[in-house]
1. Work out, step by step, the length gained on full extension between Lys284 and Glu324: first 0.36 nm times the residue separation, then minus their alpha carbon distance; give nm to one decimal.
2. Non-local amide H neighbours of Thr358 (under 5 Å, H modeled in plane, Pro and chain starts lacking H): which ones?
3. Only helical DSSP H runs with n ≥ 4 go in: add -39500 (n - 2.57) per run for the chain, normalise by residue count and round the 222 nm mean residue ellipticity to 500 deg cm²/dmol.
4. Can you put Asp365, Asp19 in order, fewest other beta carbons within 10 Å first?
5. Cα-based Rg (one decimal) and Dmax (whole number) for the chain, in Å?
6. What does the charge count near Thr325 come to, summing +1 for each Lys or Arg and -1 for each Asp or Glu among other residues with Cβ under 13 Å from its Cβ?
7. So which lysines can Lys115 reach, going by Cα to Cα under 20 Å and dropping same-chain residues fewer than 8 places off?
8. Among Met240, Met318, Met330, determine the one that fluctuates most according to a GNM of the chain built with springs between C-alpha atoms less than 10 Å apart.
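Bear in mind that the values in this text are calculations on the coordinates, not laboratory data. This one's a predicted model, so the numbers in the text were calculated from it and none came from an experiment. Neighbour counts run over all protein chains shown; Cβ positions are idealised from the backbone, glycine included.
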Amino acid sequence: MKLFDVYPLMDIELVDANDCLVTDSTGQEYMDLYGGHAVISVGHRHPHYVDKIQDQLNKIAFYSNSVINNLQTELADKLGKLSGYEDYNLFLCNSGAEANENALKLASFSNKKSKVISFKKGFHGRTSRAVAATNSPKYHSPADTVHDVQFVELGDLEAAEQSLKEGNVSAVIVEGLQGLAGIYVPEEKFLLGLQELCHRYDALLILDEVQSGYGRTGKFFAHQYAAGLKPDIITVAKGMGNGFPIAGALIAPDIPAWYGMLGTTFGGNHLACSAGIAVLDIIKEENLMENASELGAYLIHELQQLPEVKEVRGRGLMIGIELETAIAPMRKQLVKEHHILTGVAANPNVLRLLPPLTLKKKHADQFLTALKAVLMNQTEKSSA
Ligand SMILES: Cc1ncc(COP(=O)(O)O)c(C=O)c1O
C-alpha cells in the first residue's frame, strides 16, 4: 500500500530529537524553529515528559470515557490554575479541528442558532464545521459548504455587527493570533469589541488558541493581552501535548452540559492526559511563558533592525518575518546550509517561527547570524 499523497515533503527523515534540536537519518542535526508546526512546546523528549508517559504506559494506557479517570481531573485543575480559567469546564478531545468542531456545535446547542461569523485569512481545521469557518475555498469540499458562515475582515467590527444584526448568529470564532495566514495580531480593542457585540446579540465568542495558546505568545493565551476579555469557549491543541495528540475546549461556567451532548472515544485517555499534565508541569516549573516573552521580544527587536525585512509581526515565540519577495529560496538555504528548520505561511512572503518555548538566547543568535548571511546572499544574487 502506498501513502495517500497529500503532503509536499521536505527531503529529511527525522530519527532523533532533543530539546530544540532534531537529527536526521544521516546524523545531521537541525535547530528546530518550527516545532513541528507549533506543537513542540516544552522541547523534544523532555525528561519529565518522557517519564510521565512511560510511567503511565506501565500502568494503564487507555480506557474509554465510561469510567472515572482522575488524570483528567488533575489536568483540568492544573490547566485552570496556569491559564487563569479555574472556573471554566474542560472537554477533552484529540485535535485542533475537533476542538473547534465541538466548540461550534456546543455554541449552537447552547443558543439554538446556526450561523457563524469567522475572519478572512483565518484557519480553524479540516473537519466540516471547522473548515467551513476557514476562509480558503481550496479546502472546501461541496459537502462543507452546507454551513452558514460569513467571513469578515479581521479588525472590522462594523462588518461583524452588520452580520450579527441579520440574526441567527450562534458563534463568532477568531484566532487569538492568526497563525497560518502569516502572523497577524488582532487589536485588543477589536477583540473586546467582539465580546461586547456577542453579548449584545446573544452569540458565543470562541477564541481559537490552538496555535497561539499554551504560553507561545508569552501569556498562556494570546487573547489575554486584551485585559477583560473572557471568551465563552477557548479551544486548545498543538502545544497541549508536545506531540502527543490531545486537544480541548475550555467552556465558560454558564454553559450547561448534558449526557451525550459531546463525546469522543480517544479524547482524554490516560496516556494523553499524562502528556498534557507533564507539559503543564514543565511550563510552570521552567517559567516557559516568561522565556517566550523575553526571547520573543529580543528576536523581534533584532529582526526589526534588518534592512531587508519589510515587517516583523507577532508576540513571544510566534513570529512572522515578512520580506518584499517570496521566502521559499531563503527558507531552503536556511535548511541546506545552516541546518535550521522554519515554517511557511499562506502569505508566501512570510517566514514563520514557532520554536519550542525552551529556546535559548544562543539559538536565537545562531538564527540571526544565519538569517543575515542568507539575506545578504539573496540580495547579492538579485543584484547580480
Ligand atoms: C489556529 C488553528 N486552529 C485549528 C487548527 C487545526 O488543528 P489540527 O490540525 O490539530 O486539527 C490549526 C492547525 O494548524 C490552527 O493553526
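1. Fully extending the segment from Lys284 to Glu324 adds 10.5 nm.
2. Residues meeting the criterion, in which the H sits 1.01 Å from N, are Gly43.
3. Details: 11 runs with 137 residues, N = 384.
Using -39500 (n - 2.57) per qualifying helix, the result is -11000 deg cm²/dmol.
4. Values: Asp365 13, Asp19 17.
Ascending number of Cβ neighbours within 10 Å: Asp365, Asp19.
5. That works out to 20.8, 68 Å for Rg and Dmax.
6. Values: positive: Lys310, Arg331, Lys381; negative: Glu308, Glu322, Glu324.
Net charge in that neighbourhood comes out at 0.
7. The qualifying lysines are Lys105, Lys165.
8. Fluctuation is largest for Met330.
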